[in-house]
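Colleague: Below you'll find the structure I mean.
Quick note: the coordinates plus some simple rules give every number you see, no bench work behind them. Computed from a predicted model, the values in this text were never measured in an experiment. Note that we place each Cβ from the backbone using ideal geometry, even for glycine, and neighbour counts take in every protein chain shown.
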Amino acid sequence: MAQVVVKQLFKKYGELQVVHGIDFEINDGEFVVLVGPSGCGKSTILRMIAGLETVTGGDIVINDRVVNDDAPRDRDIAMVFQDYALYPHMSVRQNLGFGLKMRDTPRDQIAEAVRRTAEILQIEELLERKPKQLSGGQRQRVAIGRAIAREPELFLFDEPLSNLDAKLRVEMRTQIKRLHMTFRATSVYVTHDQTEAMTLADRIVALRDGRIEQVGTPDDLYATPANRFVAGFIGSPTMNFLDARLETDGNDIVVVPDGGPRLRVPPSRAERYGPHVGKPVVFGLRPEDLTNTWTDESREAEAAVPLDIGVDIAEPLGSDTLIFSRIGNTEIVCRVSAIAAPSVGSTMRLHAHLDHMHLFEPQTGNAL
């Protein structure tokens, strides 16, 4: 297993700087996901950890050893790529054992490692096939198996599921999660898919424009986002954002979206938001907190503020339905029970669960 420390890491291509002095640590046995939109620098960071890109500034430390100048083969890593990177002329058996063969591992040990890996991944019947005879999901299992067979200190995954269809992505995501729970190997996983990040990660590093926006557990980023970017990137459908003001109403604090109703801030949030009364804010609430269902009567009494909305579009999803509506000039999305899904053009009463509300500073986007 490995511990990884990234210290003030910079990367420049000529005059273009793509990574801006980032710092984070990966604990022994931890599964960390680097997530962010295209161009945020996540794959570049992974490739610097792997030794496939040079470091412009800062240090990459693996098990207390600075590896900036070490060749990839000297870092004891295994990498799984987006395009599988299997040798087309080799069988699955030969692909699985290739890394061990390059390290002059005895033949009997290679055979045992291949057998064990094939059994874990349930690909024993594929061992004599060539990559062109495999489906996309099977190829990705072989690529992962090749990494497992080597038993490296550190696993690196560069968007390994992006070439698979939706069903296979779910299956392989579960497979990767199961493998990590079995081996507890230190892993760094790059993706732009927030669902993969939320379901796989012990901790997430959220990136934008080569800078870290927030590091934390999936629950941290979902429930307490550091800023509007993280709040909007994590969660599907994305959080609703409305320009608003904080005002007082007697002894209460209310948030007033532009063109919308006055919504009473629950007492649990009043002290936190009190210093911002009279100021413009961005009001954020997730679709699942604009709903016709709840599970806690006390929550309903304190924080479930009634809200009547017009139904512009309804998208049935089976277990629930997404309702598209408007507050003022802003479109919002609500998640309601499929049983109570209304018809387009009708009005329905929902409850805004303001114990899960978020407020952001309009200029900086930072959470208040």
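Colleague: Return one number: the angle in degrees, 0 to 90 and rounded to the nearest 10, between the long axis of the Cα atoms of helix 107-121 and the longest principal axis of the Cα atoms of the chain.
Modeller: Computed tilt is about 20 degrees.
Colleague: Stretch ASP76-THR182 to full length: gain in nm at 0.36 nm per residue minus the Cα-Cα span? Mind showing how you got there, number by number?
Modeller: Working: separation 106, 0.36 × 106 = 38.16 nm, distance 1.98 nm.
Result: 36.2 nm gained on full extension.
Colleague: Work out the FRET efficiency for GLU247 and ALA166 from their Cβ-Cβ distance, taking R0 = 35 Å, and round it to the nearest 0.05.
Modeller: My answer for the efficiency is 0.20.
Colleague: Now a separate question. What do you get when you divide the Cα radius of gyration of region 120-263 by 2.2 N^0.38 Å, with N the number of residues?
Modeller: That works out to 1.45 for region 120-263.
Colleague: Taking the DSSP beta bridges in region 146-239 as the whole, what percent of them are antiparallel, to the nearest 5?
Modeller: 50
Colleague: Something else: Longest exposed-loop-site-free stretch of the chain, with GluC sites (Glu not before Pro), DSSP loop and at most 13 other Cβ within 10 Å?
Modeller: Looking at the chain, 129-368 is the longest stretch - no exposed GluC sites (Glu not before Pro) with at most 13 other Cβ atoms within 10 Å.
Colleague: For LYS11, go through the lysines and keep the ones whose alpha-carbon is under 22 Å away, minus same-chain ones fewer than eight residues off.
Modeller: The reachable lysines, counting only those whose Cα sits under 22 Å from LYS11, are LYS42.
Colleague: Taking a cut-off of 23 Å between Cα atoms, list the lysines near LYS132, but don't count ones fewer than 8 places away on the same chain.
Modeller: LYS101, LYS167
Colleague: Please give the length that would be gained between TYR87 and ASP59 if that part of the chain were fully extended, namely 0.36 nm times their separation in residues minus their C-alpha to C-alpha distance (nm, one decimal).
Modeller: Stretched fully, the TYR87-ASP59 segment lengthens by 6.8 nm.
Colleague: Test of the criteria: in region 84-123, which trypsin sites (Lys or Arg not before Pro) are in a DSSP loop and have at most 14 other Cβ atoms within 10 angstrom of their Cβ?
Modeller: ARG103
Colleague: Between helix 166-183 and the chain, what is the angle of the helix's C-alpha long axis to the longest principal axis, kept within 0 to 90° and rounded to the nearest 10?
Modeller: It is inclined by approximately 70 degrees.
Colleague: While we're looking at this one, here's another question. For every helix of n ≥ 4 consecutive DSSP H residues, a contribution of -39,500 (n - 2.57) applies; sum these over the chain, divide by its total residues, and give [θ] at 222 nm rounded to the nearest 500 deg cm²/dmol.
Modeller: -8000 deg cm²/dmol
Colleague: Also: May I ask you to work out the translational diffusion coefficient for region 212-368 at 20 °C, viscosity 1.002 mPa s, via Stokes-Einstein with Rh from the Kirkwood sum over Cα pairs, reported in whole µm²/s?
Modeller: Diffusion coefficient, whole number: 134 µm²/s.
Colleague: Compute the FRET efficiency between ARG107 and GLU128 as 1/(1 + (r/R0)^6), taking r as their Cβ-Cβ distance and R0 = 25 Å, and round to the nearest 0.05.
Modeller: On the way: r = 17 Å, r/R0 = 0.70.
Calculated transfer efficiency: 0.90.
Colleague: Got a sec? Which residues in region 178-199 would a label at MET1 touch, if it sits 7 Å along Cα→Cβ and we count backbone N under 11 Å?
Modeller: Taking a point 7 Å out along Cα→Cβ of MET1, the residues of region 178-199 whose backbone N falls under 11 Å are 183-187.
Colleague: If you line up the long axis of helix 92-102 against the longest principal axis of the chain, both from Cα atoms, how many degrees apart are they, to the nearest 10?
Modeller: Result, in degrees: 70.
Colleague: In debye, nearest 20, what is the charge dipole magnitude of region 240-360 about its Cα centre with +1 on Lys and Arg Cβ and -1 on Asp and Glu Cβ, if you could check?
Modeller: 220
Colleague: Restricting the calculation to Cα positions, tell me the Rg (one decimal) and the Dmax (whole number) of region 4-233 in Å.
Modeller: Cα radius of gyration and Dmax of region 4-233 are 17.7, 55 Å respectively.
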